[in-house]
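Read through the structure below, which is laid out as structure tokens, and then see the notes.
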Amino acid sequence: MGKMIKLTASDGHTFDAYRTDPAGTPKGGIVVIQEIFGVNIHIREIADSYAADGYLAIAPAIFDRQKTGVELGYEGDDVSAGRDLKDSASYEDAVKDLEATVAELKIAGKIGSVGFCWGGTLSYLCGARIDDVVASVVYYGGQIIPFKDEIINGASLMHFGERDGGIPLDDVEAIKTAHPESDVNIYPADHGFNCDHRGSYDEVSCKLARKRTDAFFAKHVR
């Protein structure tokens, strides 16, 4: 449904991105931000689903600064490889790539972001650091705490799993306290509950979170 394109960040770095267009005039633009597993089939499917809902969606390959063509699975060595890539990545550089993605999406009108896992934290930073992002959605962003006192410029929606071993509920409460303006939701699920390619997938929580996200984008990205 989509295609790979090339984008260039403000520092001259060129990177791949998966772009998928709606059938008609876009309602707006959505940045879809990868987990630590790259722009893999799950992320492309999410981008396609937003295009099917009428948005222009682009998923930038944030790991291209470390290694191009990253597309990992969810078990064993792939998990270790993804964590190593995430640990070697710079949040500042990632934001530059996201800014370039947002610039590409401006033709669609208003812009929202949605990110998962590491990408959830990056979606939070989109809302805090990129003025043109009017609505940011976080799915189980585990590294928000160091940035929790940054001001989110637009609307904010967050989804966390109460059984997520990597994100203590105390952290979620600290985020809620720092951002009373954000709609923070907790689900009876584990980390990665949105991904039907993972053992931690929770269909009920996934559908409810998507329903809330769809309503959120319908309100703010139009």
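The values are calculated or read from the model by the stated rules, or taken from the named source; none is laboratory data. Just so we're clear, the structure is a prediction, and the values are computed from it rather than from any experiment. Cβ placement follows ideal geometry from the backbone for every residue including glycine, while neighbour counts extend to all protein chains displayed. What goes into the accessible areas is simple: the full protein's heavy atoms, side chains included, and nothing from ligands, DNA or RNA. Shrake-Rupley method; radii C 1.70, N 1.55, O 1.52, S 1.80 Å.
Among 113-121, 154-162, how do they line up from the highest to the lowest mean number of other beta-carbon atoms within 10 Å?
Details: 113-121: 27.8, 154-162: 22.4.
Taking the mean over residues of other Cβ atoms within 10 Å, the ranking is 113-121, 154-162.
Using the alpha-carbon centroid of each, what span in Å lies between segment 1-67 and segment 77-140?
So the two Cα centres are separated by 11 Å.
I need the fraction of alpha carbon pairs in segment 128-178 separated by more than 13 Å, rounded to a whole percent.
Numbers: 741 of 1275 pairs.
The share of Cα pairs beyond 13 Å in segment 128-178 comes to 58 percent.
Taking every Cα atom in segment 1-74, find the radius of gyration and the maximum pairwise distance Dmax, and write them in Å.
Reported Rg and Dmax, both Å: 12.2, 36.
Each residue of segment 127-143 in turn: what ³J(HN,Hα) in whole Hz from Karplus with 6.51, -1.76, 1.60 and θ = phi - 60°, glycine and Pro shown as x?
Listing the rounded values in order: x, 8, 10, 10, 4, 6, 8, 8, 8, 10, 10, 10, 9, 5, x, x, 10 Hz.
Considering only protein heavy atoms, what per residue accessible area in square angstrom results for the chain with a 1.4 angstrom probe?
Values: 9380 Å² over 222 residues.
Roughly 42 Å² per residue, with all protein chains present.
Determine, for each peptide in 26-32, 216-222, the mean count of other beta carbons within 10 angstrom over its residues, then list the peptides with the highest first. Can you show the working numbers first?
On the way: 26-32: 25.7, 216-222: 17.6.
Final packing ranking: 26-32, 216-222.
What accessible surface, in Å², does a 1.4 Å probe find on Ile151, ignoring ligands, DNA and RNA and rounding to the nearest 10?
About 130 Å², ignoring ligands and nucleic acids.
If you filter segment 62-139 for trypsin sites (Lys or Arg not before Pro), then keep DSSP loop positions with at most 14 other Cβ within 10 Å, what is left?
Details: sites: Arg65, Lys67, Arg83, Lys86, Lys96, Lys106, Lys110, Arg129; in loops: Lys67, Lys110.
Counting only loop positions with at most 14 other Cβ atoms within 10 Å, the trypsin sites (Lys or Arg not before Pro) in segment 62-139 are Lys67.
Measuring from a point 7 Å past the Cα of Asp183 along Cα-to-C-beta, which residues in segment 146-175 have an amide N at less than 13 Å?
Counting backbone N atoms under 13 Å from the label point, the list is 155-159.
Among (i) 0.92; (ii) 1.06; (iii) 1.55, which is the computed Cα Rg over 2.2 N^0.38 Å?
Here Cα Rg over 2.2 N^0.38 Å agrees with entry (i).
Under a 1.4 angstrom probe, counting protein chains only, how are Glu35, Glu99, Glu150 ranked by accessible area, largest first?
Values: Glu35 0, Glu99 75, Glu150 50 Å².
Largest to smallest exposure gives the sequence Glu99, Glu150, Glu35.
Output the relative contact order of segment 1-114, whole-number percent, from Cα pairs under 8 angstrom with separation of 6+ residues. Present the calculation step by step, with values, prior to reporting the outcome.
Values: 226 pairs, mean separation 38.5, N = 114.
Averaging sequence separation for qualifying contacts and normalising by length gives 34 percent for segment 1-114.
Which whole-number percent is the relative contact order of segment 142-195 (Cα, under 8 Å, 6+ apart)?
Numbers: 58 pairs, mean separation 25.5, N = 54.
Over segment 142-195, the number comes to 47 percent.
Set the Förster distance to 35 Å, then compute FRET efficiency between Lys67 and Glu203 from the Cβ-Cβ distance, nearest 0.05. Mind dumping the intermediate values first?
On the way: r = 33 Å, r/R0 = 0.93.
E between Lys67 and Glu203, to the nearest 0.05, is 0.60.
List the residues whose amide H sits under 5 Å from the amide H of Lys110, counting only those 5 or more places along or on another chain, with H placed 1.01 Å from N in the peptide plane.
The answer is Gly29, Arg222.
Which of Tyr55, Tyr140, Tyr91 moves most in a GNM of the chain, Cα contacts under 10 Å?
Tyr91
What is the chain's relative contact order, in percent, from Cα pairs under 8 angstrom and six or more apart in sequence?
The value is 17 percent.
List the residues whose amide H sits under 5 Å from the amide H of Ala155, counting only those 5 or more places along or on another chain, with H placed 1.01 Å from N in the peptide plane.
Here Ala135, Ser136 satisfy the definition.
At what distance in nm do the modelled label points of Ala215 and Ile151 sit from each other, each positioned 7 Å from its Cα along Cα→Cβ?
2.9
Round to a whole number: what % of the accessible area of the chain belongs to carbon and sulfur, probe 1.4 Å? Each step should come with its number before you reach the end.
Numbers: 4500 of 9380 Å².
Of the solvent-accessible surface of the chain, carbon and sulfur hold 48 percent.
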